[in-house]
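Each remark here refers to the structure printed beneath this line.
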Amino acid sequence: MGSPRVQPNTVLALDLSDIRKEYAQKMENLATVRDGSTGELHQGYWLCDVTAAEGNGSEIVPLYRKLFSVEAQDFTSENAEVLAAVDLIRTHTQGRGIWTMDRGGDRKKLLEPLLDRGARFVIRSTGKRTVIDRRRLQGSAAEVAGRCRLRHQARIVKIQDGQEKTYELRYGAEPIRLPGRSEKLWLVVIAGFGLEPLMLLTDLPAAARDSQTLWWIVQIYLTRWKIEETFRFVKQSYNLEDIRVMKYQRLKNLVILVTAVAYFAAAFLGQQMKLRILCEKLLIISQRFFGIPPFRFYALADGIRRILSHGIFSQPAGPPASLQLELTLGWEG
């Protein structure tokens, strides 16, 4: 359903996050995961998430979310999980879209498969990767970034925690190649976000003096800021970390169902006239005292919860004692 919404230049943000289950003891395949925001280690499961968005639009489309554990028998590697997500979505979108990942995507075992597949990407560099510059000299990406001329300027305003923050940016680019590869890549360097420059690896065609194309590449990565709110929305509004089933397959099933609900709220609700009216009513029912926040899906989720909590539902008849039902959902095939 989501694939027609992905156009050639739609941003496909792939993110690895976690579900924290620090008090659980007997849930199947519990593993040690690292909290990306605090760096702390705790028990839980990993999530591989892909969300689509337009850089200059407001629509956000949840496409894929899969729970996995490094302790599961079917687990191969984190790279395999990422590439499985890429391949599935590329199949449905016929290769449309531009992939963007944070520094975790700066790995040889991801970069080279993406190049082999002909996928377009913008990935934040750690600065440690060895690259070959325009003079055919090898050095780290950080060293090449240090020699990059930041010819162009831009100003952006980011709204965070209700406050506006202005960034004065300077940016430029250097042509590079990966050792052993023939593809021409670019290292786009942006100064102004912090003490260290932001470095982006991309295979999108550009030129060092083409400010418009370089800024478009920067915007592709900055679209992650908008999409990151979706990750928090799903975990918080649907209490994703409060899942209390014991079996690993059931955990995976519930995550898939939550993704379907998030897709309905983010992409489908309001598309037709009756649904638009429902959408507005839900926003009112959510009883936000200080207005609807910029990310309205929090209010939608509150409204849906409030309506359903007043409903009267009959108890379903239980299945026969001898019958065991288990739903198995899979992304493959």
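Please treat every number below as a calculation from the coordinates, not as lab data. Keep in mind that this is a model prediction, so the values were computed, not measured. Cβ atoms come from the backbone with ideal geometry, glycine included; neighbour counts cover every protein chain shown.
Taking 0.36 nm per residue of separation and subtracting the Cα-Cα distance, full extension of the segment from Y23 to K108 would add 27.0 nm.
Of the cross-linked pairs K26/K252; K165/K226; K26/K109; K128/K184, which ones have a Cα-Cα span greater than 27 Å in the structure shown? K26/K109, as the Cα separations exceed 27 Å there. The protection proxy used here, the mean number of other Cβ atoms lying within 10 Å of each residue, ranks peptides 59-66, 15-22, 246-253 as follows, highest first: 59-66, 15-22, 246-253. Using R₀ = 45 Å, calculate the FRET efficiency as 1/(1 + (r/R₀)^6) where r is the Cβ-Cβ separation of A154 and A31; round to 0.05. The pair A154/A31 has a calculated efficiency of 0.60. Packing, as the average of other Cβ atoms within 10 Å across residues, places the peptides 208-214, 197-203 in the order 197-203, 208-214, highest first. Label positions at R306 and R5, each projected 7 Å from the Cα along the C-beta direction, are separated by 2.4 nm. Which of the three applies to segment 56-200, rounded, prolate or oblate, going by the alpha-carbon gyration tensor with a ≥ b ≥ c and a/c under 1.5 meaning rounded? Because a/c hits 1.5 or more and a/b fails to exceed b/c, segment 56-200 counts as oblate. About its Cα centre, the dipole of segment 1-151 is roughly 940 debye, where the only charges are +1 on Lys and Arg Cβ and -1 on Asp and Glu Cβ. Using a/c under 1.5 as the rounded threshold, could you call segment 152-245 rounded, prolate or oblate? The axes a ≥ b ≥ c are square roots of the C-alpha gyration tensor eigenvalues, and prolate needs a/b larger than b/c, oblate otherwise. Oblate is the answer for segment 152-245, as a/c is 1.5 or above yet b/c matches or exceeds a/b.
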